[in-house]
1. For region 88-135, which residues satisfy the criterion of being exposed (fewer than 13 other Cβ atoms within 10 Å of the Cβ) and in a helix (DSSP H, G or I)?
2. Pairs only if they're at least six apart or on different chains, beta carbon under 8 angstrom, first in region 59-74 and without any contact (Cβ under 8 Å) to a residue 40 or more places away in the chain and at positive phi, second in a loop (DSSP other than H, G, I, E, B) and open to solvent by less than 50 Å² (accessible area, probe 1.4 Å); list them, first residue then second.
3. What's the number of the only condition in (1) modelled with pLDDT under 95; (2) within 30 Å of W140 (Cα to Cα); (3) assigned to a helix (DSSP H, G or I) that K60 fails to meet?
4. Quick check on my filter: what residues within region 150-178 are surrounded by 11 or more Cβ atoms within 10 Å (Cβ to Cβ), part of a helix (DSSP H, G or I) and without any contact (Cβ under 8 Å) to a residue 40 or more places away in the chain?
Amino acid sequence: ALILFPLLIVFSAIAGYLMSRRALSPVEKITQTVRNIQQENDLSRRVHLKQGKAEVLLAKRLWHLGFRYRLNDKRLPGSPDIAILKYNIAIFVDGEFWHGQNWEERKSRLKRNREYWIAKIEENIARDIRDDKDLRAKDWYPIHFWEKEILKDTDECIETIQELAEQQIERSIDCRNE
């Protein structure tokens, strides 16, 4: 009996492996696809669209420097993560995967649910371009930072925002003088 038990475990493992390698019936393929879609939906639900670590870090630094802003202002196209109303600056903190950083390179590495992710990411990229165009039409200045860029070099991101705010001040002074 002691010898049979380990053999039983080995045979059941081999049988499980062989069952997983057999061709799936059409019904099993559909069931597996539905299961994969449900898993992807569950993963997507866990992604928080607001108040990520990089966004909070950037917002706090801006606040301490005296910039006042609105978070996720729905009145503006794309609901910028941080909207500095005084200077018409819309700041977006973009996730590298979701917004397609190095997209052509990353696209080729996608393995699972490839068509779904390609369509989703490319729609995100197109929406970002559309929102930037709409913001510029309303005389706003959109800036996009990658999350990792903020986490690695927050000072550089802050400098970019400060320079744009200074340009806005100079522009408003020039408009008054004309």
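The values are calculated or read from the model by the stated rules, or taken from the named source; none is laboratory data. Only a predicted model underlies this, so the values are computations on that prediction, with no experimental measurement involved. For neighbour counting, all protein chains shown are included, and Cβ atoms are generated from backbone atoms with ideal geometry for every residue, glycine included. To get the accessible areas, we keep the full protein, side chains included, count just its heavy atoms, and leave off ligands, DNA and RNA. Shrake-Rupley method; radii C 1.70, N 1.55, O 1.52, S 1.80 Å.
1. Filtering region 88-135 for residues exposed (fewer than 13 other Cβ atoms within 10 Å of the Cβ) gives 102, 104-105, 108-109, 111-112, 114-115, 119, 123, 126, 129-130, 133.
Those that are exposed (fewer than 13 other Cβ atoms within 10 Å of the Cβ) and in a helix (DSSP H, G or I): E104, E105, S108, R109, R114, E115, A119, E123, A126, I129, R130, K133.
2. Correct list of pairs: N72/S79; N72/P80; N72/D81.
3. Tallying (1) modelled with pLDDT under 95; (2) within 30 Å of W140 (Cα to Cα); (3) assigned to a helix (DSSP H, G or I), K60 fails exactly one: (1).
4. We begin by selecting, within region 150-178, every residue surrounded by 11 or more Cβ atoms within 10 Å (Cβ to Cβ); these are 150-154, 156-162, 164-169, 171-172.
In the following step, the residues that additionally are part of a helix (DSSP H, G or I) were identified as 150-152, 154, 156-162, 164-169, 171-172.
K152, E156, E159, T160, E166, Q167, R171, S172 - these are the residues of region 150-178 that are surrounded by 11 or more Cβ atoms within 10 Å (Cβ to Cβ), part of a helix (DSSP H, G or I) and without any contact (Cβ under 8 Å) to a residue 40 or more places away in the chain.
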